[in-house]
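In what follows, a structure is listed as structure tokens, so that the remarks can point back to it.
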Amino acid sequence: MTKQEQQAPFTLDGFEHSVGDPACPDCWEAYPRPHGCGGLMHAAYGGEEGDRDEWLYTRCDRCGESE
Ligand SMILES: [Zn+2]
Ligand SMILES: [Zn+2]
């Protein structure tokens, strides 16, 4: 494996997101948002389920937490 400057691809719901990129092109609307750990919280549209409202997949590109 060759060493790359960028980190390994960060995937959310099957889409690759740009780690550390505040203008991540694959994020949902107002995301990514800064997370308390210093990383960015990315989001992908999760869909609508039954009587639930639309929901999002969220995950921080640094610590891995979701909102
Ligand atoms: Zn993203
Ligand atoms: Zn975090």
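Matching residues to (1) small (Gly, Ala, Ser); (2) surrounded by fewer than 17 Cβ atoms within 10 Å (Cβ to Cβ); (3) over 11 Å from the mean Cα position of the chain (by Cα):
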site: Asp26; (1), (2), (3): no, no, no
site: Pro32; (1), (2), (3): no, no, no
site: Gly36; (1), (2), (3): yes, yes, yes
site: Gly39; (1), (2), (3): yes, no, no
site: Ala44; (1), (2), (3): yes, no, no
site: Asp61; (1), (2), (3): no, no, no
Candidate set from the stretch 28-67 (those that are hydroxyl-bearing (Ser, Thr, Tyr) and closer than 15 Å to Glu16 by Cα); member that is modelled with the lowest pLDDT: Tyr45
Counted residues in the stretch 38-67 being touching a strand residue (DSSP E or B) at 6+ places or on another chain (Cβ under 6 Å), near ligand 2 (Cβ under 8 Å from one of its atoms) and among the acidic types (Asp, Glu) come to 1
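The values are calculated or read from the model by the stated rules, or taken from the named source; none is laboratory data. Computed from a predicted model, the values in this text were never measured in an experiment. Every residue, glycine as well, gets a Cβ built from its backbone with ideal geometry; the counts of neighbours run over all protein chains shown.
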